Amino acid sequence: MVFALLLLILQWAVGMLVLILCFVERRRFSAEIVSKLGSSFSLAPFIIVVAVCTLLAMVATLPVAQLFFFHILLIKKVHYFHISTCDTANTTSYTAPTFI
């Protein structure tokens with residue numbers, strides 16, 4: 001969970017850095033895009049792709065962070081009450097319905 005959260009935050013940082021560099025060094029990026037991706041791919045579609053991927057990483061960070069903190073809460077509850085999942089399963093009883 002920690003590594004997934006860190007990976008998403010790293011993707012934010014790299015995406016933002018690439019977007020900033022695209023605007024600061026526009027000519028150099030345009031030349032590199034044409035040389036590596038061909039003349040049919042310009043700077044504008046590249047910026048759109050990077051922006052969409054960065055935005056998706058930002059959106060995906062929220063549920064991963066919520067899941068991470070929920071697991072932290074579960075770990076704290078288990079350590080506080082000294083209960084394992086096996087103990088929880090053994091304390092709950094199930095009565096089968098009776099048929100007449």
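Within the stretch 27-53, the residues that satisfy the criterion of being free of Cβ contacts under 8 Å to residues at least 24 places away in the same chain and surrounded by 14 or more Cβ atoms within 10 Å (Cβ to Cβ) are Phe29, Ser30, Ile33, Val34, Leu43.
Residues that are out of contact with any Lys or Arg (no Cβ under 7 Å at 6 or more places or on another chain), assigned to a helix (DSSP H, G or I) and at pLDDT 80 or above: does the stretch 76-93 have at least one? For the stretch 76-93, residues out of contact with any Lys or Arg (no Cβ under 7 Å at 6 or more places or on another chain), assigned to a helix (DSSP H, G or I) and at pLDDT 80 or above: present. Can you work out which of the residues in the stretch 19-46 that are part of a helix (DSSP H, G or I) and of a type in the set (Phe, Trp, Tyr) is farthest from the chain's Cα centre (by Cα)? The selected residue is Phe29.
The values are calculated or read from the model by the stated rules, or taken from the named source; none is laboratory data. What you see is a predicted model, and the numbers here were worked out from it, not measured in a lab. Positions of Cβ are backbone-derived with ideal geometry, glycine not excepted, and every protein chain shown enters the neighbour counts.
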